[in-house]
Amino acid sequence: MNLSNFVSPILRQFLRSSIRTQSRLNFCSNGKVTEHSLTGILEKHFKGEVRVFDVSGGCGAMFEVNIKSPEFKGMSLVKQHQLVNKVLKEQVTQMHGIRIFTEAT
């Protein structure tokens, strides 16, 4: 028996929307990690320009980090990203994901 024949299109749309919203909420952080806290940590370790964006809609689950620093001069991109990950080791465990962009100045 197919229940979709008995469920109105409006109810079906509502249920799909609720499921998508719930799945997004499951990836939200507990609020300990913020753009501001990450920026502060990174500015203590890197001279230059540090910009952090919460790309998870403000819930602290996914961040984009952009760093332009002279400390990256002579380092491969992999080494630069490893250094950023090392600095944020504790915070990364509380996130769903992080995107890192670095540049030597």
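Total residues in the stretch 35-64 satisfying the condition of being within 18 Å of V87 (Cβ to Cβ) and polar (S, T, N, Q): the figure is 2.
Would you mind stating whether L77 is in contact (Cβ under 8 Å) with a residue 12 or more places away in the chain and touching a Leu at 6+ places or on another chain (Cβ under 8 Å)? Answer is no for this residue.
Looking only at residues in the stretch 83-105 that are part of a loop (DSSP other than H, G, I, E, B) and among the aliphatic types (A, V, I, L, M), the one that is surrounded by the fewest Cβ atoms within 10 Å (Cβ to Cβ) is M95.
Of all residues in the stretch 63-82, count the ones that are in contact with an Asp or Glu (Cβ under 8 Å, 6 or more places away or on another chain), of a type outside the set (S, T, Y) and crowded, with 19+ Cβ neighbours inside 10 Å. Counting residues in the stretch 63-82 that are in contact with an Asp or Glu (Cβ under 8 Å, 6 or more places away or on another chain), of a type outside the set (S, T, Y) and crowded, with 19+ Cβ neighbours inside 10 Å gives 3.
All of the numbers you see were taken from the coordinates with simple rules; none came from a lab. Since the structure is predicted, the reported quantities are computational estimates derived from the model, not experimental observations. A quick note on method: Cβ atoms are made from the backbone with ideal geometry, for glycine too, and the neighbour counts reach across all protein chains shown.
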